[in-house]
Amino acid sequence: MKFISFLIVLIIFPLTVSGGEKLTGTPIGTVRGLQYTNNGSSSYVVNNIQKNAFDGDLNTYFATDARSYTWVGLDLGKPHVIDRVGWSPRNDGVGPKRVQLGVIQGANQSDWLDAVPLYMITEEGVIGEMSYADIDVKRGFRYIRYVGPSDARCNIAELEFYGYEGEGDTETPNLYQFTNLPTVCINTVNAEEPYDKEHDITSNIIIVNNHEAYVDKPGTVRERGNYSRTFPKKPWRIKFDKKQRVLPDAPAQAKKWTLINNYGDKTLMRNLIAFEIARRMDMKYVPYAHPVDVILNGEFKGCYQLCDQVEVKEGRLDITEMEPTDISGEALTGGYFLEIDAYANQEPDGEWFTSATKSIPVTIKSPDDGGTPEQYEYIRAYFNKLESLVFRYPNYNPGPYDYRNIFDVESFLKHFAVGELSGNTDTYWSTYMYKDRGSDIIYTGPVWDFDIAFDNDFRTYPINNIPGYLYCSGRASEATNMINFAKRILMADTRTVDDLARVWSLARNDNNLNYETLSAFIDKTADEIDASQKLNFLRWPIMDQIVHNNPVVSGSYEAELNRVKDFLKNRFPRLDTLMKYDSTISAVETPSDDEATITPVIEGNTVHLIDYAPFDLYTIDGKMVQKNVTCTAPLASGVYILRTSGAAAKLSITPSQK
Ligand code: CA
């Protein structure tokens, strides 16, 4: 018997005293409460029932009249580190389900603008029982609350918070993340929900990365996007008051960032795959994108992509930013950032135009507000000039009337190839172009918006059954006459056949653009977002539903990924035929016969020789990159020539995801 008692002590001891003491405070919460009647069919509003969640009685409960962004908690009077939380659901049929995705938050401001999550309940509750979870956050909070999930009326019978007084470890607070991904916390003033694209809601935005607040800054949030705004999971644009890097690997310091919702894209990664393709196409600028979890005013919103706002800026589309004073001479020549845009007519007057002969709608994204009248007229006339030359069939020859004098075919073809490989119905529904200062050339890019690509659009599904290219199949979408614009370049200009073969083959041969690398990228990304995608589809249980333009239901996350992989596997041979893939085309000059071949060691994006002998590194067109080094500094992706005494090698640094 003594032995058994000893065992019980051992087992019970840590459960009872490992945490801090049970905390008491002033009950606070959503004011407009709700009391269900005995038959459950009717209800009436009452106030001051927050205390029901802290009365130790599992038969009394807190409930609210509103269905979302509702909460109940304690004002502890002073900061406390919370190390344990307990909860029990409302004691009837719907109660257990209504705590799933409920979030525990802590704050030190009564307006909750500094709130961070401490825990999220992922299981259903049990009637008549408390459930408990340990909390590892080391920061102290005066205010602690439970925020009910969406459409759950914050039904909760009982809450218990354990911990100890103190501000905790403010240096390394060990903040909570929903998953391995960074957690983006948006706290708006008065918990106002963003409701349109025009009104910026004042906010504080906290981005938790590696369990630290990498960002904790004031800003605003509003909805963004067009069709994607109509989904229950909303896309947002956040704007910081001051320029801000959002995560350590983000290239730009910028105010504006986007949170892409990927509602109809059940892989949650179609944009990421397309951006990977664009990097392997060596496009000048590929938008930054990083998967994250998002919480708005305490309510978990799921897996998003934290992305660049596509704009003219260092670290983004890096061309000259125009000032309102740039109205003559070379200053007037750029930089301009344009979008051939089927939604252009929704923009304010003076920020868009239709082209002179084919009525192609063009939005001026930069300079802001369509620029000054001089700037607006300059770029409108310039685009009209390009259009008139492109449609000047059949004079596609070098000379004064060659559209190629003012249009970069290479970037156009790279953009085109990304659109065809990804099977993007919307390649010419929205197409970005730009013109820099002092340059005569209009370029195409960046690529953007792939949620209906990779066979995710009933209008074009299954794409690989369509003979020829997708864009001219009669089933792709376009901003007025943009497909004809593309057809002129791709079909009517006979020079383009060779150009396209070269652009496509270079990416295939030199940059490992192939099924195997993309399949590996998909697997790697799936591993990275696995925990997040599971929570996402708990929040948005649509895996078995047709949403947006979904052509089919695959039934599981893995099956959705496999559908993308199968599409790509069949897409490559199709495009190899159409684009006249040539395995001999390479930009890399093979080291000459009198140079011995050596094998460099590539580690990540640095290079050294096996014996750390010194060498020089060149780009493929012969420019010195690093001279007389034994190991390079981190290199941009691309193909390089390494030369050391009497020996040479070509090598390829492949892009990493971030
Ligand atoms: Ca109670």
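The values are calculated or read from the model by the stated rules, or taken from the named source; none is laboratory data. Source: prediction; values computed, not measured. Neighbour counts run over all protein chains shown; Cβ positions are idealised from the backbone, glycine included. To get the accessible areas, we keep the full protein, side chains included, count just its heavy atoms, and leave off ligands, DNA and RNA. Shrake-Rupley method; radii C 1.70, N 1.55, O 1.52, S 1.80 Å.
Here the label points at Asp593 and Ala356, each 7 Å from Cα along the C-beta direction, are separated by 5.7 nm in the simple model. Okay, which of the range 461-482 sit inside 12 Å, backbone N to the point 7 Å along the Cα-Cβ direction of Thr230? No residues fall inside that zone.
Computed extension length for Asn190-Asp369: 61.4 nm, one decimal, from 0.36 nm per residue of separation with the Cα-Cα distance subtracted. For the range 250-345, the Cβ-based charge dipole about the Cα centre amounts to some 460 debye (Lys, Arg positive; Asp, Glu negative; other atoms uncharged). For a paramagnetic label modelled on Ser519 (point 7 Å from Cα along Cα→Cβ), amide N atoms under 16 Å away belong, within the range 552-589, to 559-574.
Rounded to the nearest 10 square angstrom, Val497 shows an accessible area of 60 square angstrom against a 1.4 Å probe.
Working note: 222 nm ellipticity from helices only, DSSP H runs with n ≥ 4, each -39,500 (n - 2.57), summed and divided by the residues of the chain, gives -6500 deg cm²/dmol to the nearest 500. Spin-label pair Met491-Lys243: with each label point 7 Å from Cα along the Cα-Cβ axis, the two points sit 4.5 nm from one another.
Once whole DSSP H runs in the chain are found, which of them have Cα atoms spread over 18 Å or more along the helix axis and a mean Kyte-Doolittle score of at least -0.5? Long hydrophobic helices here: 2-17, 409-422, 515-539. List, in the order given, every pair from Lys217/Lys301; Lys138/Lys217; Lys51/Lys256 whose Cα-Cα distance in the structure shown is over 30 Å. With Cα atoms farther than 30 Å apart: Lys51/Lys256. Full extension of the segment from Thr122 to Phe458, taken as 0.36 nm per residue of separation minus the current Cα-Cα distance, would add 117.6 nm. Model label points for Thr24 and Lys97, set 7 angstrom from Cα along the Cα-to-Cβ axis, are 3.7 nm apart. Taking a threshold of 26 Å on the Cα-Cα distance, which of the pairs Lys385/Lys414; Lys97/Lys234; Lys284/Lys385; Lys284/Lys623; Lys414/Lys623; Lys435/Lys524 fall above it? Where the Cα-Cα span goes over 26 Å, the pairs concerned are Lys435/Lys524. Under 5 Å from the amide H of Arg84 lie the amide H atoms of Ile135, Tyr162, each residue being 5 or more positions distant or on a separate chain, with H modelled from the backbone and absent for Pro and chain starts. Between Asn108 and Ile620, the FRET efficiency from the beta-carbon distance, with R0 = 45 Å, is close to 0.20. Enumerate the residues in the range 318-355 having an amide nitrogen under 20 Å from the point lying 7 Å beyond the Cα of His199 toward its Cβ. Counting only backbone N, you get 348.
Rolling a 1.4 angstrom probe over the protein heavy atoms with all chains in place gives the chain an accessible area of 42 Å² per residue. Take the Cβ-Cβ distance between Gln346 and Val547 as r, set R0 to 30 Å, and report the resulting FRET efficiency rounded to the nearest 0.05. Once rounded, the FRET efficiency stands at 0.80. Across the range 71-188, the volume of the C-alpha convex hull divided among the residues equals 101 Å³ per residue. Accessible-area rank, largest first, for Phe391, Phe161: Phe391, Phe161, with all protein chains present and a 1.4 angstrom probe. Taking 14 Å as the straight-line reach from the Cα of Lys650, the aspartates and glutamates in range (excluding those fewer than 8 positions away in the same chain) are Asp510, Glu589, Asp593, Glu595, Asp616, Asp621.
The Asp402 and Asn210 beta-carbon pair, evaluated with R₀ = 60 Å, returns a calculated FRET efficiency of approximately 0.65. Across q = 0.07, 0.09, 0.10 Å⁻¹, the chain modelled as identical point scatterers on its alpha-carbon atoms has Debye log10 I(q)/I(0) values of -0.56, -0.86, -1.01, in the order of the q list. Summing Lys and Arg as +1 and Asp and Glu as -1 over all other residues whose Cβ lies under 10 Å from the Cβ of Trp540 gives a net charge of +4.
Sparsely packed loop sites in the range 53-153 (the trypsin sites (Lys or Arg not before Pro) outside DSSP H, G, I, E and B with at most 15 other Cβ atoms within 10 Å) comprise Arg67. Just check the range 36-115 against the gyration tensor rule for me: Cα atoms, a ≥ b ≥ c as the square roots of the eigenvalues, rounded for a/c under 1.5, and otherwise prolate or oblate depending on whether a/b exceeds b/c. Judged from the Cα gyration tensor, the range 36-115 comes out prolate (a/c at least 1.5, a/b above b/c).
Overall, the range 551-606 carries a charge dipole of about 620 debye about its Cα centre when +1 sits on the Cβ of Lys and Arg and -1 on the Cβ of Asp and Glu, all other atoms neutral. Computed in the context of the full set of protein chains, the accessible area of the chain at 1.4 Å probe radius has 49% of its extent on carbon or sulfur. Overall dimensions of the range 119-273, expressed as equivalent-ellipsoid semi-axes from the Cα gyration tensor (√(5λ), whole Å, largest first), are 29, 22, 16. Seen from Asp326, the other residues with C-beta closer than 12 Å to its C-beta sum to a net charge of -3, counting Lys and Arg as +1 and Asp and Glu as -1. For the range 513-658, rounded, prolate or oblate, judged on the Cα gyration tensor with a ≥ b ≥ c (square roots of eigenvalues), a/c < 1.5 rounded, else prolate if a/b > b/c? Prolate shape, in that a/c is at least 1.5 and a/b is the bigger ratio. Across the range 359-485 the C-alpha pair distances fall into 5 Å bins from zero in the proportions 2, 10, 18, 21, 19, 14, 10, 5, 2, 0 percent.
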